[in-house]
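Inspection log for the structure reproduced underneath, given as structure tokens.
The values are calculated or read from the model by the stated rules, or taken from the named source; none is laboratory data. Predicted model, so just to flag it, every value in this text is computed and none were measured. Methodologically, a virtual Cβ is constructed for each residue, glycine included, from the backbone with ideal geometry; neighbour enumeration extends over all protein chains shown. For accessibility, only protein heavy atoms count, side chains too; no ligands or nucleic acids. Shrake-Rupley method; radii C 1.70, N 1.55, O 1.52, S 1.80 Å.
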Amino acid sequence: TRALDIRFVLDRMDRMTGEGHWLATKWDQDRIGVGGYDLGALASLLVSGQLPPDHGPVLADSRVKAVLAMSPPVHRGRHSLRDAYAEIDIPALFISGTEDDGIVGTTKAGQRRIPFDFMGDSDRYLVIFSGADHQIYGGHYLSRRASKDKPFQAAIVRTSTCFWQAHLSEDTRAQAVMQSRALNSLVGLSASVERRFADTEASQGEPERQETDRETSKSFPQTRLYQSIMQAY
């Protein structure tokens, strides 16, 4: 139903665009990306081409041009892994953590990478934060771990913003970051970064680790949006 909600919103956007609604000036129907966390990540992958684990109707939507999946649960039903994810053929960014076991559901941290490994032939990126668990996205409220959330959240904001700019805005500077070791600097913290590009079978080198964010200001396009994000974090 969450995936159907996304499709409903896209239908309404199409209608408003056709009617010349003033809100339609706020978006570009040719540059739509979807993203979510946990079940939101599952919904985002369903509209991007993942086969529904309940074997219901396929919910892929060609209007979606890129997807961000944070801590996606792995539900494949009776499908093989290859069949379940092979139709995801748009640029994708996956984010997880080494302690990212599911709170509701059985997906373990090591399984979060499965959609990255088995999706179709398109550019994809996998960022796994060392020490991050399933609650860093919304925050550890009333917990001593809450003070550690903000660095992870800031890194997610930086990385996802660069991803959207690279694959929706077609910003060549952002593309250069996503395709090089500059992405490791952008992520910061202690994280493994993997990438695969269309028409290649193997990861581009071994997972790399970057302990510092010192190169970020040099490598990432300094747009007003990015500057405001950096000020907030």
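Using a 1.4 Å probe, what is the accessible area per residue for the chain, in Å²?
Solvent-accessible surface per residue comes out at 51 Å².
Compute a Gaussian network model of the chain, connecting alpha carbons closer than 10 Å, and tell me which residue from 99, 87, 19 fluctuates the most.
Maximum fluctuation in the GNM of the chain, among the listed residues, is at 19.
At residue 199 and residue 117, where each label point lies 7 Å from the Cα along Cα→Cβ, what is the point-to-point distance in nanometres?
For residue 199 paired with residue 117, the spin-label model returns 2.7 nm.
Work out the count of Lys pairs in the chain where the Cα-Cα distance is under 24 Å, with the pair 8 or more places apart or on different chains.
Number of lysine pairs found: 4.
Take every DSSP beta bridge whose two residues both sit in the chain, then give the antiparallel share in percent to the nearest 5.
30 percent
From the square roots a ≥ b ≥ c of the eigenvalues of the alpha-carbon gyration tensor of the chain, which class results: rounded (a/c under 1.5), prolate (a/b over b/c), or oblate?
rounded
If you roll a 1.4 Å probe over the stretch 61-153 with all protein chains in place, what percent of the accessible area is carbon or sulfur?
Here carbon and sulfur together make up 51 percent of the probe-accessible area.
If each DSSP helix of 4+ residues adds -39,500 (n - 2.57) and the sum is divided by the residues in the chain, what number results at 222 nm, nearest 500 deg cm²/dmol?
It lands at -10000 deg cm²/dmol.
Would you mind telling me which residue in 40, 105, 20 has the biggest mean-square fluctuation in a Gaussian network model of the chain, where springs connect alpha carbons within a distance under 10 angstrom?
Looking only at 40, 105, 20, the largest GNM fluctuation is found for 20.
Which FRET efficiency value, to the nearest 0.05, is calculated for residue 144 and residue 104 with the Förster distance at 22 angstrom and r the Cβ-Cβ distance?
0.45
How far apart, in nm, are the 7 Å Cα→Cβ label points at residue 63 and residue 172?
Going by the 7 Å Cα→Cβ label model, 3.2 nm.
7 Å from Cα along Cα→Cβ at both residue 16 and residue 78: what's the point-to-point distance in nm?
Here the modelled spin labels are 4.1 nm apart.
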